[in-house]
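> Can you read through this structure? Questions will come right after.
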Amino acid sequence: MNKTDNIFCQALIKKGILSADALDPLIREAESSFQPLNTVILKHKLVNEKTMLEILSEEFKIPVVDIKSLAPEKALINRIPPKIVYYYKFLPLKIFEHSLTVAVSYPLDIKTQDEIRTQLGLDLEIVLAFSYDIREALGKYYNVTTATMEKIASSMPQQAPVTQPGGAEKVEDIEKLAGDASIIKLVNQIILEAWRKRSTDIHIEPYRAGVSLRYRVDGILYEENVPAEIKNFINAIISRIKIMSNLNIVERRLPQDGRAVVKVAEQVLDLRISTIPTPFGESVVIRILPTQMLFNLEKLGLAKKDQVLFESFIEKPHGIIFVTGPTGSGKTTTLYTCLSKINTRDRKIITIEDPIEYEMSGITQIQVMPEVGLDFARGLRSILRHDPDVIMVGEVRDLETAEIAIRVALTGHLVFSTLHTNDAASGITRLIDIGVEPYLVASSVEAFIAQRLVRVICSDCKYEDKAAPVELKRLIARDLGLAIADVNIYRGKGCSSCNFTGFFGRTAIYEIITIDDVIKDLIIKKAPSGAIKKAAVSRGMRTLAQDGWYKVINGVTTPEEVMRVTTAEDNKTLGEPVSSDQNALSQTSLENDRRTFIRLSSNINLRYKIFRSEEELFSRGVRPEEFSITRNISAGGLLFISHELLVFGSVLELNIDLPVNQETVQCLARVVRVSDADNKGIFEIGVCFLDLTGAQRAKLEQYVEKRVVTD
């Protein structure tokens with residue numbers, strides 16, 4: 001037993017914490033197992049570590065420090081080799097002149113101190129800290145992969161390349177090396193460390209000078225300290241990752257995508273792995289997704305008013321709700337939360353996604369697979385045969401998908417989907433730009449919701465920034481219509497809980513446009529997105545920036561975060577009241593911009609069916625299908641004769657028999673005009689087409705134009 005252990009034992013006996021008889025077997029166990037005496041005592045839970053540190057501090061006159069509040073400089077971490085700190089289990093804290101301050105959980109004996117002095121050439125000043133805190137700090141500053149990497153490097157003999165006959169260099173068996181226990185452990189440690197740091201993505205990137213390992217935490221990439229030797233094992237690391245995800249380890253020239261499932265603690269993680277070739281090797285990104293997520297509408301970051309609005313949207317029986325924003329703005333999470341809210345046994349919910357982000361019990365989820373012809377449009381058509389109540393379309397990318405989604409919404413289904421636009425108003429113009437008719441957008445969409453993610457200030461180190469610039473407070477006060485005195489700005493100092501970033505987690509800021517009568521009128525007139533946004537603001541909509549400013553003054557996030565995810569355009573309409581003159585667009589310019597069609601007075605055979613169940617039709621004495629002829633027709637709609645009084649706004653399924661080549665055009669139409677033609681039960685019904693494809697519309701236009709010229 002060394003001198004340090006002897007002093008510690010005498011202190012325990014003197015204070016009556018442990019007797020000499022109780023200490024004897026512990027001392028023998030420590031000597032036989034080559035473990036420190038304090039480790040053995042803690043293992044048997046005879047003394048807690050706090051009491052132990054207090055006794056050691058008193059006996060050896062060594063202070064106890066909280067290393068959670070200390071952050072060693074990067075230059076110091078780079079100067080002290082990882083193999084030394086891991087071997088002697090200490091954390092370097094600071095250097096002053098020729099003295100190095102280190103934190104240990106048990107005082108180092110004289111022999112160990114001399115060994116460290118010899119290797120580092122520095123005098124030692126020792127402080128005490130909890131062993132758990134030291135292990136956490138070593139993993140944070142030196143990275144858990146460092147020690148493993150050095151063990152791998154030291155265990156592998158350094159040999160010159162062996163040349164085979166003919167000058168061919170010996171090829172290393174990467175697959176065999178990837179199965180080596182050390183490589184497996186290294187990859188597991190990379191994934192485990194990412195999970196511990198709340199990372200959503202792992203980036204492994206090879207360059208000429210070495211390899212970069214980065215973790216994305218709360219939307220921001222952070223560089224990890226890795227040894228230079230990692231470049232010697234990058235192929236083995238990537239091969240191991242490929243083996244985990246069932247990818248081709250031989251193919252390094254083409255991108256590959258795969259997935260793997262791993263278990264960390266009690267949580268199962270779904271890993272989405274993607275590789276791309278670069279001039280210096282393959283670059284790998286691993287997306288980390290929990291297989292089970294708890295989705296809660298109250299935790300999305302919605303203001304109370306917006307939450308009530310959200311709940312009203314998702315309880316609607318039909319219509320489309322679009323969530324817009326760039327990649328990584330949380331759109332999918334918002335949609336999953338909406339689905340989770342309405343996921344009951346009396347509803348059939350089907351999703352089609354690319355890729356499926358989270359698994360949800362009780363919901364049928366479809367993965368898009370373009371390589372076999374399963375795209376969004378084809379999947380949507382098949383979904384309708386499965387009698388769904390609610391459908392989620394991962395993304396509307398083209399006209400065909402948009403038209404089918406609108407048709408689904410118009411026929412009594414609730415549809416959720418996403419668009420890649422910068423704000424809510426731009427979602428309207430995006431649909432029109434890809435070819436969707438304005439009246440279809442106005443009649444089928446319930447709301448456009450734009451969102452961004454901002455980092456949340458760490459609650460453990462949050463403080464009010466009294467020195468915030470007055471100009472910044474004035475900007476926030478002006479945009480929110482508040483006095484400067486009402487604007488308080490908060491920040492995070494940085495602590496161990498938030499990895500010294502000042503932020504912990506993320507929340508969303510929102511911009512919601514409800515498609516009411518005023519907005520519908522602007523959509524029909526094909527008003528620009530700026531005019532639609534001004535009208536929405538005048539009717540009480542919060543812009544993204546405004547919602548962000550409210551979260552700033554409530555201490556949720558910082559002004560820099562809001563400005564990082566929003567643009568000057570988000571504030572352009574703020575503080576400017578929208579007058580009736582600004583809302584009223586020039587009728588002449590609208591007529592020039594509006595799509596118009598030639599109308600032909602012609603009699604064409606027509607069959608129509610009202611979208612009601614056959615039981616309902618028969619109970620009302622109405623046949624499922626009626627025959628009629630048209631009075632006039634265009635590529636935008638038609639007028640026909642009906643013996644039944646149809647309800648204004650009802651949706652019909654039409655079969656138009658064109659005389660040309662006996663072709664039939666099938667589509668949906670909405671009743672926009674009902675008049676009693678002769679007061680004898682004969683009605684003129686005017687309808688506008690809802691879901692004509694581009695080819696069908698071109699066919700109708702061609703027929704009308706040809707007949708007009710002929711007549």
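> Taking R0 as 35 Å, what's the FRET efficiency between ILE484 and GLU223 from their Cβ-Cβ distance, rounded to 0.05? Each step should come with its number before you reach the end.
Numbers: r = 39 Å, r/R0 = 1.11.
In this case the efficiency is close to 0.35.
> When you count, for each residue, the other Cβ atoms within 10 Å and take the mean per peptide, how do 419-432, 398-411, 38-51 rank with the highest first?
Working: 419-432: 23.0, 398-411: 21.4, 38-51: 14.5.
So the peptides 419-432, 398-411, 38-51, ranked by packing, come out 419-432, 398-411, 38-51.
> Carbon and sulfur atoms: what percent of the 1.4 Å accessible area of the range 255-385 do they account for?
Numbers: 3500 of 6500 Å².
So the carbon and sulfur contribution to the accessible surface is 54 percent.
> Can I ask one more? Collect residues whose amide H, placed 1.01 Å from N in the peptide plane, falls under 5 Å from the amide H of PHE90; neighbours closer than 5 in sequence don't count.
Those lying under 5 Å, H to H, from PHE90: there are none.
> If you don't mind, another one. Run lengths n ≥ 4 of DSSP H only: what is the helix-derived mean residue ellipticity at 222 nm for the chain, with -39500 (n - 2.57) per run over all residues, to the nearest 500? Please list the in-between numbers first.
On the way: 27 runs with 265 residues, N = 711.
Calculated at 222 nm, the ellipticity per residue is -11000 deg cm²/dmol.
> Then there's this: Considering the chain, which cysteines have no disulfide-compatible partner, defined as another cysteine with its Cβ under 4.7 Å away?
CYS9, CYS338, CYS667, CYS688
> Two decimals, Cα atoms only, Kirkwood Rh: what is Rg/Rh over the chain? Please report the intermediate quantities before stating the final value.
Numbers: Rg = 34.6 Å, Rh = 31.3 Å.
Taking Rh as the inverse mean 1/r over Cα pairs, Rg/Rh reads 1.10.
> Measure off 7 Å from each Cα along the Cα-to-Cβ vector at THR200 and ARG564, then give the distance between these two points in nanometres to one decimal.
Output for this residue pair reads 1.2 nm.
> Can I ask one more? Return the Rg/Rh ratio of the range 272-348 with Cα-based radii and a Kirkwood Rh.
1.13
> Let me ask you something else. Relative to the present Cα-Cα distance, how much length would full extension add between GLU311 and GLU59 at 0.36 nm per residue of separation? Write down the numbers at each step before the final one.
Details: separation 252, 0.36 × 252 = 90.72 nm, distance 6.37 nm.
Length difference between fully extended and current span is 84.3 nm.
> Given axes a ≥ b ≥ c from the Cα gyration tensor, I'd like to know whether the range 358-409 is rounded (a/c under 1.5), prolate (a/b larger than b/c) or oblate. The partial results should precede the final answer.
Working: a/c = 1.66, a/b = 1.16, b/c = 1.43.
It comes out oblate by the Cα gyration axes.
> On average over all directions, what projected area in square nanometres does the range 411-469 have, based on the convex hull of its Cα atoms?
Values: hull surface 30.1 nm².
So the mean shadow area of the Cα hull is 7.5 nm².
> Let me ask something else. If Lys and Arg each add +1 and Asp and Glu each add -1, what is the summed charge of the other residues whose beta carbon sits under 9 Å from the beta carbon of SER274?
So the environment of SER274 carries a net charge of +1.
> I need the shape label for the range 296-443. Rule: rounded when a/c is under 1.5, else prolate if a/b > b/c, else oblate, with a, b, c from the alpha carbon gyration tensor. Provide the component values of the computation, followed by the final result.
Working: a/c = 1.33, a/b = 1.08, b/c = 1.24.
Rounded is the answer for the range 296-443, as its axis ratio a/c remains below 1.5.
> Hey, rough spin-label estimate for ASP387 and ALA71, points 7 angstrom out along Cα→Cβ, what's it come to in nanometres?
6.0 nm
> Any chance you could get the radius of gyration and Dmax over the Cα atoms of the range 313-393, in Å?
Gyration radius and largest Cα-Cα distance of the range 313-393: 12.6, 36 Å.
> Tally Lys and Arg at +1 and Asp and Glu at -1 over the other residues with C-beta under 13 Å from the C-beta of ILE13: what net charge comes out?
Details: positive: LYS14, LYS15; negative: ASP5, ASP21, ASP24, GLU59.
It works out to a net charge of -2.
> Turning to a different aspect of this structure: Sum up the charges of everything whose Cβ sits under 13 Å from the Cβ of LYS197, counting Lys and Arg as +1 and Asp and Glu as -1, but leave LYS197 out. Please report the intermediate quantities before stating the final value.
Values: positive: LYS140, ARG196, ARG198, ARG214, ARG216; negative: GLU136, GLU193, ASP201, ASP218, GLU223, GLU224.
Every neighbour counted, the sum reads -1.
> Expressed as a whole percent, how much of the Cα-Cα distance distribution for the range 440-510 exceeds 19 Å?
Working: 1417 of 2485 pairs.
In whole percent, the share of Cα-Cα pairs in the range 440-510 beyond 19 Å is 57.
> Using the per-residue mean of other Cβ atoms lying within 10 Å as a proxy for protection, in what order, highest first, do the peptides 219-225, 604-610, 69-75 fall?
Details: 219-225: 14.9, 604-610: 18.1, 69-75: 13.3.
Taking the mean over residues of other Cβ atoms within 10 Å, the ranking is 604-610, 219-225, 69-75.
> Near the amide H of THR351, under 5 Å away, which other amide H atoms are found, from residues 5 or more places off or on another chain, if H is placed in the peptide plane?
Long-range HN contacts for THR351: THR364, GLN365, ILE366, MET392.
> Here is a follow-up. Measuring from label point to label point, each 7 Å out along Cα→Cβ, what is the SER33 to ILE434 span in nm?
Calculated label separation equals 6.3 nm.
> Another question, if that's okay. Mind ordering 268-276, 440-448, 251-259 by average Cβ neighbours within 10 Å, highest first?
Details: 268-276: 17.8, 440-448: 23.2, 251-259: 13.6.
Ranked by mean Cβ neighbours within 10 Å, highest first: 440-448, 268-276, 251-259.
> Can I ask one more? Test of understanding: what is the full-extension gain from ARG208 to VAL518, defined as 0.36 nm times their sequence separation minus their Cα-Cα distance?
Numbers: separation 310, 0.36 × 310 = 111.60 nm, distance 5.85 nm.
Using 0.36 nm per residue and subtracting the Cα-Cα distance, I get 105.7 nm.
> Distance between the C-alpha centers of the range 402-440 and the range 342-400? Whole Å please.
That distance is 16 Å.
> Cross-link candidates for LYS473: which lysines have Cα within less than 21 Å, leaving aside residues fewer than 8 places away along the same chain?
LYS462, LYS493, LYS551, LYS572
> Can you compute the FRET efficiency between VAL372 and ILE641 using 1/(1 + (r/R0)^6), with r the Cβ-Cβ distance and R0 = 45 Å? Round to the nearest 0.05. Write down the numbers at each step before the final one.
Numbers: r = 47 Å, r/R0 = 1.04.
After rounding, the FRET efficiency stands at 0.45.
The values are calculated or read from the model by the stated rules, or taken from the named source; none is laboratory data. This structure is a prediction, so every number in the text was calculated from the model and none was measured. Using ideal geometry, Cβ is built from the backbone for each residue, glycine included, and neighbour counts are taken over all protein chains shown. Quick note on the areas: whole protein, heavy atoms, side chains included, nothing else; ligands and nucleic acids left out. Shrake-Rupley method; radii C 1.70, N 1.55, O 1.52, S 1.80 Å.
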